[in-house]
1. Being part of a loop (DSSP other than H, G, I, E, B), of a type outside the set (A, V, I, L, M) and either under 16 Å from L7 (Cα atoms) or at pLDDT below 95 (or both) is the filter here; which residues of region 51-81 pass it?
2. Identify the single condition in (1) among the hydroxyl-bearing types (S, T, Y); (2) out of contact with any strand residue (DSSP E or B) (no Cβ under 7 Å at 6 or more places or on another chain); (3) assigned to a strand (DSSP E or B) that S12 does not satisfy, given that it satisfies every other one.
3. Sort out which residues of region 109-131 are part of a loop (DSSP other than H, G, I, E, B) and under 9 Å from G27 (Cα atoms), and write them in order of number.
4. So how many residues does region 19-33 have that are under 18 Å from A121 (Cβ atoms) and either surrounded by fewer than 19 Cβ atoms within 10 Å (Cβ to Cβ) or not charged (D, E, K, R) (or both)?
Amino acid sequence: MKKSELLNSDLSYEISKMGHTQTILIGDCGLPIPSGVKRIDLAVKRGVPSFADILETVLSELCVEKYIVAEELHFQNAAMEQYIKKTMGSIPSEVVSHEELKKMSEHVVCIVRTGEASPYANIILQSGVQF
């Protein structure tokens with residue numbers, strides 16, 4: 001059995017293939033997923049698993065050099081915005097419109113669908129390097 005925190009084989013595989021500057025999106029259960037983009041659907045029911053559970057697990061495996069969130073998060077889900085800022089610490093961020101984030105989602109390695117049912121709980125993580 002795998003020793004690290006992440007047990008989902010599909011998600012583990014996608015993270016292991018990522019190179020510098022490639023991106024992955026962790027999204028709420030309502031985010032539209034573009035045709036042709038790999039979907040890793042972890043949603044079981046509303047709230048399960050939470051956005052926080054998945055973000056923290058992915059961060060235990062992925063070197064992140066930048067993250068991107070929608071500006072609407074600030075006005076529509078301030079508690080989630082604060083959680084993300086605290087969790088991401090000193091990692092640089094970029095804020096774009098929700099429409100721009102959806103366009104960017106067309107170019108991610110994969111989209112991880114969570115059970116999160118709060119507005120704009122979506123984040124794009126850009127892979128960094130360990131050296």
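1. S60, E61
2. (3)
3. Step one: of region 109-131, the residues part of a loop (DSSP other than H, G, I, E, B) are 109, 114-122, 128-131.
Answer for region 109-131, where residues must be part of a loop (DSSP other than H, G, I, E, B) and under 9 Å from G27 (Cα atoms): T114, G115, E116, Y120, A121, N122.
4. Number satisfying all stated conditions: 10.
The values are calculated or read from the model by the stated rules, or taken from the named source; none is laboratory data. What you see is a predicted model, and the numbers here were worked out from it, not measured in a lab. No Cβ is skipped: glycine too gets one built from the backbone with ideal geometry, and neighbour counts run over all protein chains shown.
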